[in-house]
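Down below is the structure, laid out as structure tokens.
The values are calculated or read from the model by the stated rules, or taken from the named source; none is laboratory data. None of these values were measured; they are calculated from a predicted model. Cβ atoms come from the backbone with ideal geometry, glycine included; neighbour counts cover every protein chain shown. For accessibility, only protein heavy atoms count, side chains too; no ligands or nucleic acids. Shrake-Rupley method; radii C 1.70, N 1.55, O 1.52, S 1.80 Å.
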Amino acid sequence: VRISQLFLSIFMELFMAMCLLPLFCACVYLCKLVLQWRNQQCYLLAYECYKATDDRKLDTESCVKIIQRNKNLGLEEYRFLLKTIVNSGLGEETYGPRNVIAGREDCPSLEDALWEMDDIFSVTLDKLFDKTGISPSKIDILVVNVSLFSPAPSLTARIINHYKMKKDIKAFNLSGMGCSGSLVAIDLVQNLFKTYKNVHAVVVSTESLGPNWYRGKVKPMILANCLYRSGGCSMLFTNDKALKHRALLKLECIVRTHLGSSDEGYGCSIQVEDKHGFRGFNLSKSIAKVAAKALTMNLRVLVRKVLPLTELLRYVIMSRRQNKVAEHRRGVGAGGTGLNLKAGLEHFCIPPTEGAVVNGVGNSLGLNDYDLEPARMALHRFGNTSSGGLWYVLGYMEAKKRLKKRDKILMVSFGAGYECNNCVWVVLRDLHDANVWKDCIERYPPTTLVNPFMERLSWINDERLSFVTSEEVMNAVRVGGVGPG
């Protein structure tokens, strides 16, 4: 009997152990997931946008003088450039590269290109380290994205050398990704955070304009000369949970869409040389269609992550009641969803590329003037600053004290490739720093965004003037804007 009881006791203990083992393994696995989730958090501690000195401001009159220096342009090209500048949505206080302001756009030097980068790096990073109190020696990851300039040693090496950063820093230099490079860099940081615990990462997003001035006359390629301006932003991220109380934003999700496998997508935004050997950035006529497709594909994934279930169910029910023809005629938006994005998002960072683009993206997403105001104001004050542009938009929201705790922000970006990269941030506390807007935020929004040269140059839209020579056009501009005839 005792032997039977002993065997029964051993059997019961083994049975209990076999039952508890899976439970124990499940608990260990869950704990591992929780710890992994904690380490994967991506917090934005601070960001600093670049503002050049006043001697580099570009008003419309300065732009006209720069246009006049290009002897390769004919009358039609002059009119096209003037119309683009006047109608672009850019204001009178944007900033240009030093060599262009000085009249050396035809012969940029390596020194000019490096000076442009060094100025942006030092201004933004010095302020970033000073604001956060975090030493450059504490940075574990450094990512720099500049599309059109990739010297050797790399730009990341240049920053590391200047600030004497640690020897085991993880450095990445990204190029060729256009205006979407900033979110590509952040996606890289987020994935690195899955491997490295309690680390700090710096992302620097800007563009090299000085050595990339287009000197030809192909209209889709001279657009870049009209729209792009000097600017950039440096950001500091961490996955250290202990620093959450100091963070401004937390990255909730990021979705990347790449249409590079399509020839049309690959070629719609590309750096090329024209038939005269002048290098520039060409924007094809198909870019609007490609951008809409990329945004549609991206939002179909992203909305599932950020919109409430009630809104998703409402969409499913409504979409089943409508046929495809009616849906096409209704023009439900870039996402092709008919979803109300405001059901789960409070703020929208639209890339400040050009006035018509801002309006087009805003209409497709169902946004109103209040939603689009930050993008329009960033474009007006700082121009199209490429990959740094979204952070001027965010800075405007913060300066206007729009960002409240638990609000969600959608950032939308497009880039060469062709790419559409979007992300959602959660505001961790009420934000009210005037940042790069502090000297002008009281003047925004202005009573009107109409370019002051609109009335003076209104005659350039008159097709009856097609017989006028380029000399007459420039003379009319110089003498005060009395149009020919």
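When ligands, DNA and RNA are left out and all protein chains stay put, how many square angstrom of accessible area per residue does the chain have with a 1.4 Å probe?
On a per-residue basis, 48 Å².
Heavy atoms only, probe 1.4 Å: what % of the accessible area of the chain goes to carbon and sulfur, would you let me know?
Roughly 56 percent of what the probe reaches on the chain is carbon or sulfur.
Using alpha-carbon positions, what is the distance between the centroids of segment 247-320 and segment 41-99, in Å?
Between the Cα centres of segment 247-320 and segment 41-99 lies a distance of 26 Å.
Exceeding 23 Å between C-alpha atoms, which entries from my cross-link table qualify? They are K197/K342; K219/K275; K65/K127; K166/K194; K401/K438; K170/K405.
Flagged as over cut-off: K197/K342; K65/K127; K170/K405.
What are the aspartates and glutamates whose alpha-carbon lies under 12 Å from the alpha-carbon of K241, with same-chain residues fewer than 8 places away excluded?
Qualifying aspartates and glutamates at Cα under 12 Å: none.
Rounded, prolate or oblate, given the Cα gyration tensor of segment 93-133, with a/c below 1.5 counting as rounded?
oblate
Relative contact order of the chain, please, whole-number percent, based on alpha carbon pairs below 8 angstrom and at least 6 residues apart.
21
Order the following by accessible area, largest value first: R320, R304. Probe radius 1.4 Å; ligands, DNA and RNA are ignored.
Heavy-atom accessible area, descending, gives R320, R304.
Under a point spin-label approximation (7 Å from Cα along Cα-to-Cβ), what is the R246-A17 distance to one decimal in nm?
A separation of 4.9 nm, rounded to one decimal place.
Counting other Cβ atoms within 10 Å, which trypsin sites (Lys or Arg not before Pro) in segment 37-119 have at most 11 and lie in a DSSP loop?
K71
Please give the contour-minus-distance gain from D59 to R304: 0.36 nm per residue of separation, less the Cα-Cα distance, rounded to one decimal in nm.
83.8 nm
Pulled fully out, how much extra length does the chain show between D439 and S9, if you take 0.36 nm times their separation in residues and subtract their Cα-Cα distance?
Value of the extension gain: 146.8 nm.
Segment 150-236: which chymotrypsin sites (Phe, Trp or Tyr not before Pro) are DSSP loop and have at most 16 other beta-carbon atoms within 10 angstrom?
Y196
Hey, if you put +1 on the Cβ of every Lys and Arg and -1 on every Asp and Glu Cβ in the chain, which of F414, I317, S230 ends up farthest toward the positive end of that dipole?
I317
Normalising by the residue count of segment 159-283, find the relative contact order in percent from Cα pairs under 8 Å and 6+ residues apart.
Relative contact order, segment 159-283: 25 percent.
For N198 and D106, what does the FRET efficiency come to when R0 = 56 Å and r is the distance between their Cβ atoms, rounded to the nearest 0.05?
Here the calculated transfer efficiency is 0.65.
Would you mind checking which residues have amide H under 5 Å from L174's amide H? H placed 1.01 Å from N; only 5 or more apart, or other chain.
Placed amide hydrogens put V144, N145, V146 under 5 Å from L174.
Could you give each residue of segment 228-240 its phi-based ³J(HN,Hα) in whole Hz, using Karplus coefficients 6.51, -1.76, 1.60 with θ = phi - 60°, and x for Gly or Pro?
Once θ is set to phi - 60°, the couplings for segment 228-240 become 7, 9, 5, x, x, 8, 10, 10, 10, 10, 8, 10, 7 Hz.
Report the one residue of N451, S154, A399 whose Cα lies farthest in the direction of the positive end of the charge dipole of the chain (charges on C-beta: Lys and Arg +1, Asp and Glu -1; origin at the Cα centre).
Looking along the dipole axis, the top candidate is A399.
Search the structure for amide H atoms under 5 Å from the amide H of G231, placed 1.01 Å from N in the peptide plane, and list their residues when 5 or more places away or on another chain.
E207
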